[in-house]
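Since the structure comes first, as structure tokens, the remarks are kept for the end.
The values are calculated or read from the model by the stated rules, or taken from the named source; none is laboratory data. Everything numeric here is computed off the predicted structure, so don't read it as measured data. Note that we place each Cβ from the backbone using ideal geometry, even for glycine, and neighbour counts take in every protein chain shown.
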Amino acid sequence: MIDITTTYLGLPMKSPIVASASPLCESLENIRHMEDAGAGGVVLPSLFEEQLDLESQAVDSDLSRGSESFAESLDYLPDLHTYNLGADGYLELIRKARERVSIPVIASLNGVSPGGWARYAGMMEQAGADAIELNIYAIITDPNIESADVERNYCDLVRQVKANVSIPVAVKLSHFFTAVGNMGKQLDAAGANGLVLFNRFYQPDFDIESLEIVPSLTLSRPQELLLRLHWVAILYGWVKADLAVTGGVHSAEDVLKSVMAGAHVAMMTSALLQHGIDHVASVLAHLVRWMEKHEYESINQMRGSMSQRSVEDPAAFERGNYMRVLSSYTLQKTR
Amino acid sequence: MDRFAARTGRHYRLFDYVGAPDAERVIVMMGSGAGAVEETVEQLLQQGEKVGLLKVRLFRPFAAEAFISALPKTVQSLAVLDRTKEPGSLGEPLYLDVVTALSEARTAGSTDSQIVPRVIGGRYGLASKEFTPAMARAIFDELKGSKPKNHFTVGIHDDVTHTSLDYDPKFSTEDPGTVRALFYGLGSDGTVGANKNSIKIIGKNTDNYAQGYFVYDSKKAGSVTVSHLRFGPRPIRSSYLITRASFVACHQFQFLERMDVLDCAEPGATFLLNAPIGADEVWGHLPQSVQEVIIQKKLKFYLIDGYKVARETGMGNRINTIMQTCFFAISGVLPREQAIEAIKGAIRETYGKRGEAVVSKNFVAVDHTLSHLQQVTVPAAANSRLRVLPPVPERAPAFVRDVIGPMISGRGDDLPVSAMPVDGTFPTGTAMWEKRNIAQQIPVWDEQICIQCGKCVLVCPHAVIRAKVYDALLLGNAPEGFKSEKPRWREFESLRYTLQVSPEDCTGCELCVEVCPVKSKSEAKHKAINMQPQAPLRERESANWDFFTHLPETGRNQLSHSQVKDVQLLEPLFEFSGACAGCGETPYIKLLTQLFGDRLMIANATGCSSIYGGNLPTTPYTLNSLGRGPAWSNSLFEDNAEFGLGMRLAVDQQAAYARELVARLAAQLGDSLASGLLNAEQSSEAGIEAQRERLAELKKKIATLDSPEARDLLAIADALVRKSVWLVGGDGWAYDIGAGGLDHVLGSGMNVNVLVLDTEVYSNTGGQMSKATPRGAVAKFATGGKHAGKKDLAMEAISYGSVYVARVAMGGSDTHTVKTFLEAEAYNGPSLIIAYSHCIAHGYDMSQGMAQQKAAVLSGYWPLMRYDPELRAAGKNPFQLDSRAPSIPFKQYAYQEARYTMLARSNPEAARELLHLAQEDVDRQWRVYSSRAGTTEAAESPDSGSPTAALVTLQPVAAGGEKK
């Protein structure tokens, strides 16, 4: 019997595939479907503190617009009893998901204010989340802000959140750090129970006809996996935190590579959006077949087997390998 | 009434009497004005006068016996006050009841009084005129005389019929123990809302009695508000505005240059000013008269830069919380800590539902305010060179200067009756004199990259952006900095083109910038028209605007009226209205005046368009350089269509009679002229122009004739020029209250044009649901989202087969809008245009109005269509679908607007369901429309509902006033 169970953030998982944050996870039915398809866990869509603030401001400006200006129309929209602002709806999703499924439910948070991260994390724990993923989705557009300050802030907020909750906390970070490995170590030292590599940033596109910036939302492609494998393989063994791969995980091979690099779980979003939730089941079936064929007993057996520490040629992850790739490419071209 | 008292603690009788038990002079009245009289009675009693007040609590049925018993037996003279006017009656209702009750009591012998009181009736408070203790005192004084004035009025100066009572405005009953506070603010700065909270705080947290009253002007953009607050240890009955204030706050620094905000300040009062200047330099920025008042009245002067605090605390342009905090800090009505706690409590109560972020930013604003509040040391002498500006320039016409000017500056109540036009007709073209300067930023033209498309001119709701082409030689006198460019018209290439903005009339709505299609090739955010701060540009651009307005207009017959680019050169005769900044209705009305100019006759239903179209003090409809402009009148919701039909009938009758007279006088006028007048072809501008020339010649010739027929003809000769009659109103009129009348008029076959400004709610009264409100949108009376779909008014009218019908959205296609207006006007029968009008009641930033209109069309929610019965005669399908199949989901359009999203926030499940149904509505509508547009002509017999046939039988009047 092939054992594909694993643990992530100390939570037992029945498979190494986690459905990561996406609009699919807004629906309880989908979450149940994910469990049935074999997902080891589910990460709920991110709660964006900034969005809550913006919505609050929007309701205020909508209700205030044109008010108290004209005797016959002191306002223009009826003031309803409630606007469901704040985190209530999100917390309800956690509660209901926790009731409906037995796999771990991980809440995801993107805060803006120093107190916001910790406050909302506390609420998520109260609502029943098994763990929290801090989605550090920030684009530092101000050239006056120094990278050291940014890194320090990230570590501070991990400490604040950890001090405020007793459930495990993972950090989903981007690869835009000068020293990704050191950043991982710092977050590890700050108490992160898991590192999720890497966030994908939506990069706006240009419309050269209308001269406008247009939002560009593209699903991940399998090629994006390589960057993640690279860094998981490097970090494996350097940090206590569990590692997770997200971005570019589409197939059983991708899951296998992720685990071999050192990940506890591989997270899937784009593949589910493209192929449907049942894709989890087919990937797992393929995974098991592959393991059978190659006589692996368990997922845990292969974890980190291709990490930098474990491979015959650690330099393959370094500059020398890059130079070799380049020269081999040049040789091919000149042939 | 006793049971009511037991439950509420408020005791009322059928009639309540206050005053001397042995009163000789008594006022009888009902309503809130009794408060002012009661204060007067109290003061006069202290002076030994025998006066009283009888308050009528139950008017109908009038309890005559109870009235007689409530009245002191000693009364010798009575003044009965009615707040109404019944022209033609012997007296107003309460007066007649009192006279009858006294007479019947005497006849029946049911009164034991030996005195037969003298009774006079009077009117007060009409049209919200003030009614003060000074006026009540004048009435009591009048009752002393041997021949008191009956059927008097009080509160106005009637120097025409001399029925008004004089009064001494200095007489006051104000309680010195009552704090009286006046706050001058803008509607948009939140002053009124903050004061409502302040009054509640004082009422709840102190032993004081409290009162608040709020005065608004007639504008929706940049409206000025004046809040009157009283509080003190004794009950407050002062049912009149504060004229002696112990606290005056001016929340807008610019008011000081145009308004006398300190007029009502008592000596020693406190003055709080919000100004973008520090305490050490503010003195030099005050007009001299303001400095003098501060010194003479020994005012305690406080200053805050409220907008700076608002910016720093994320409050934007809302200074309400900040100014409220200052008021409490200075007035000392509550200990400072307690006041701040109470303010925060009120903030949580008011804004709590809107989310923590909003509550927090208000809290932060409160906490940051006090450190910015400063007391100004008042110098001993006034030294400013600044002067308070007159409300209108000295060069304005006499009526504007002498009558409208005082109204603009809030002194309209002081005007005598003789200042009013005799027949109630107010002159048009007066809005141009009221320079309101309400825009923080105004559009500035970049002539280098402009393609002169005219879209900004078309959408400008206040007609502050205009274009002209003119002879280059005229630039010789141009002010420095006046911009011009080579016109992008082949036929005008030798001329110059200018796009000019009126800086003092602009509301800063930014619609123009949003519709500008041009972007700089080197900096994408830079358009051909861009917003810049108004203040530094005001002087220069005002001079440019003045020069621009004196440049000649392009001849109407030199332009293609169906091209948006050419329409920008047609002079608008609707400008600078008080409509909301970014209004979605006014661009359509302005377009009407551009296309049909001085031939327009508008019957305007009640609603926003009647408020910004013809409210005092100023009128936005204006005259062209020849002194001619549209005729406009407002009628009720329920009869406006018929009212407009009456205009049509009247004009047709006048035209028919004029034609008859021309025919009779043909020999004296000359056969050629007579024949030309009678057979004029007036379907084009050139034809209309030729008829105008004949008309001028006709008038010259008539002047030489002296006969009753000639005099009659002179009086109605103008009807020989084709008139364009338009029935204008909103959806509340066309879909709801006036629907029956509109249907009758459309069914009449008469040549009237209907423009429905469809905002999908009753906008003027604050967004109540109408039958035009779409499914799923929240409105007042539909707070759970409207469950029924929108009525398809177009299809209703189409069912006649003889009505020209169009649905337009300027933001969807401006060319289509222009085309339909021209077709509707040209159609010799009833026409109906339903115009999508974005509105502040939809709940989004109005600068995006045209973008939302476009989204409405793209989603298929608002298909652009025309139904032209004339196409049937040409063998074509009269139903033309002019927009493409839906390309975005309804949600993508709708969820940009708070009227939809607030339901999604408050009741997501209901919103989802209604959104689903609304999408089905859109899909179904598209299927019906596209199927109709694809129908072959065979489906509709060319003979059925022929407009011509209808006109032959229904339009008995000869074609003098006809369009073709």
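Observations
- Scope region B:577-615; condition polar (S, T, N, Q) and either part of a helix (DSSP H, G or I) or out of contact with any strand residue (DSSP E or B) (no Cβ under 6 Å at 6 or more places or on another chain) (or both); matching residues: B:Ser577, B:Thr586, B:Thr593, B:Gln594, B:Thr606, B:Ser609, B:Ser610, B:Asn615
- Taken across region B:420-431, residues that are farther than 24 Å from B:Val392 by Cα, touching a residue at least 24 places away in the same chain (Cβ under 8 Å) and either within 25 Å of the chain's Cα centre (by Cα) or buried (at least 21 other Cβ atoms within 10 Å of the Cβ) (or both) do not occur at all.
- Subset tally (residues that are small (Gly, Ala, Ser), closer than 11 Å to A:Val249 by Cα and part of a helix (DSSP H, G or I)) for region A:259-290: 2
- Test result for B:Lys790, under 28 Å from the mean Cα position of the chain (by Cα) and either touching a residue at least 40 places away in the same chain (Cβ under 8 Å) or farther than 25 Å from B:Lys854 by Cβ (or both): yes
- Qualifying positions in region B:822-874 - aromatic (Phe, Trp, Tyr) and out of contact with any His (no Cβ under 9 Å at 6 or more places or on another chain): B:Tyr827, B:Tyr836, B:Tyr861, B:Trp862, B:Tyr867
- Within the option set B:Ala717, B:Ala696, B:Ala710, B:Ala777, being within 14 Å of chain A (Cβ to nearest Cβ), outside any strand (DSSP E or B) and aliphatic (A, V, I, L, M) holds for one residue only, B:Ala777.
- Filtering region B:902-921 to residues that are more than 34 Å from the chain's Cα centre (by Cα), among the aliphatic types (A, V, I, L, M) and within 14 Å of chain A (Cβ to nearest Cβ) leaves only B:Ala910.
- Within region A:54-90, considering residues that are at pLDDT below 90 and either over 24 Å from B:Ala910 (Cα atoms) or polar (S, T, N, Q) (or both), the one surrounded by the fewest Cβ atoms within 10 Å (Cβ to Cβ): A:Thr82
- Among the candidates A:Asp53, A:Asp60, residue that is under 30 Å from A:Ile31 (Cβ atoms) and within 7 Å of chain B (Cβ to nearest Cβ): A:Asp53
- Qualifying residue in region B:465-479 (condition: closer than 15 Å to B:Ala581 by Cβ and either in the same structural domain as B:Arg556 (by TED's automatic domain parsing) or buried (at least 20 other Cβ atoms within 10 Å of the Cβ) (or both)): yes
- Check on B:Pro93, assigned by TED's automatic domain parsing to the domain that holds B:Gln47, buried (at least 16 other Cβ atoms within 10 Å of the Cβ), in contact with a helix residue (DSSP H, G or I) (Cβ under 9 Å, 6 or more places away or on another chain) and not small (Gly, Ala, Ser): no
- Single match in B:Glu638, B:Glu642 (criterion: part of a helix (DSSP H, G or I), surrounded by fewer than 19 Cβ atoms within 10 Å (Cβ to Cβ) and not assigned by TED's automatic domain parsing to the domain that holds B:Glu493): B:Glu638
- Residue match in region B:502-524 (condition: away from every other protein chain (no Cβ under 14 Å) and of a type in the set (Ser, Thr, Tyr)): yes
- The set of residues in region A:92-104 that are surrounded by 19 or more Cβ atoms within 10 Å (Cβ to Cβ) and away from every other protein chain (no Cβ under 14 Å) comprises A:Ile94, A:Ala97, A:Val101, A:Ile103, A:Pro104.
To keep it simple, each residue is scored yes or no on (1) touching a residue at least 60 places away in the same chain (Cβ under 8 Å); (2) under 24 Å from B:Gln919 (Cβ atoms); (3) not acidic (Asp, Glu).
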site	(1), (2), (3)
B:Ala782	no, yes, yes
B:Gly801	yes, no, yes
B:Tyr836	yes, yes, yes
B:His842	yes, yes, yes
B:Ala851	yes, yes, yes
B:Val857	no, yes, yes
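- Residue check for B:Ser188: part of a helix (DSSP H, G or I) and in contact (Cβ under 8 Å) with a residue 24 or more places away in the chain: yes
- Residues in region A:165-184 that are surrounded by fewer than 17 Cβ atoms within 10 Å (Cβ to Cβ) and over 14 Å from the mean Cα position of the chain (by Cα): A:Ser166, A:Phe176, A:Thr178, A:Ala179, A:Gly181, A:Asn182.
- Pick from region B:79-116, criterion part of a helix (DSSP H, G or I) and of a type in the set (Val, Ile, Thr), ranking: farthest from B:Leu53 (Cα to Cα): B:Thr107
Residues are listed down the side, and each one gets a yes or a no for (1) over 28 Å from B:Ala841 (Cβ atoms); (2) facing chain A (nearest Cβ under 9 Å):
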| residue | (1), (2) |
| --- | --- |
| B:Gly193 | no, yes |
| B:Ile199 | no, no |
| B:Gln211 | yes, no |
| B:Tyr216 | no, yes |
| B:Ser227 | no, no |
| B:Phe231 | yes, no |
| B:Arg237 | yes, no |
| B:Tyr240 | yes, no |
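- Test result for B:Val160, aliphatic (A, V, I, L, M), under 30 Å from B:Ala329 (Cβ atoms) and either in a loop (DSSP other than H, G, I, E, B) or not assigned by TED's automatic domain parsing to the domain that holds B:Leu81 (or both): no
Quick grid of which residues meet (1) among the small types (Gly, Ala, Ser); (2) in a helix (DSSP H, G or I):
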position: B:Ser289; (1), (2): yes, yes
position: B:Gly316; (1), (2): yes, no
position: B:Val333; (1), (2): no, no
position: B:Glu337; (1), (2): no, yes
position: B:Ile343; (1), (2): no, yes
position: B:His368; (1), (2): no, yes
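- Among the strands (runs of 3 or more DSSP E) confined to region A:1-94, the ones with at least 3 residues that are within 17 Å of the chain's Cα centre (by Cα) are located at A:17-19, A:41-48.
- Among the residues of region B:780-794, those that are charged (D, E, K, R) and either more than 14 Å from every other protein chain (Cβ to nearest Cβ) or outside any loop (DSSP other than H, G, I, E, B) (or both) comprise B:Lys780, B:Lys790, B:Lys791, B:Asp792.
Results for (1) free of Cβ contacts under 8 Å to residues at least 40 places away in the same chain; (2) more than 19 Å from A:Leu44 (Cα to Cα); (3) in a helix (DSSP H, G or I), shown as yes or no for each residue.
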{"position": "A:Gly116", "(1), (2), (3)": "no, no, yes"}
{"position": "A:Ile139", "(1), (2), (3)": "no, yes, no"}
{"position": "A:Cys155", "(1), (2), (3)": "yes, yes, yes"}
{"position": "A:His175", "(1), (2), (3)": "no, yes, no"}
{"position": "A:Gly181", "(1), (2), (3)": "no, yes, yes"}
{"position": "A:Phe201", "(1), (2), (3)": "no, no, no"}
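- Filter pass, A:Ser147 being more than 19 Å from the chain's Cα centre (by Cα), touching a residue at least 60 places away in the same chain (Cβ under 8 Å) and over 21 Å from A:Val42 (Cα atoms): no
- Qualifying residue in region B:492-509 (condition: more than 23 Å from B:His157 (Cβ to Cβ) and either assigned by TED's automatic domain parsing to the domain that holds B:Ser813 or part of a helix (DSSP H, G or I) (or both)): yes
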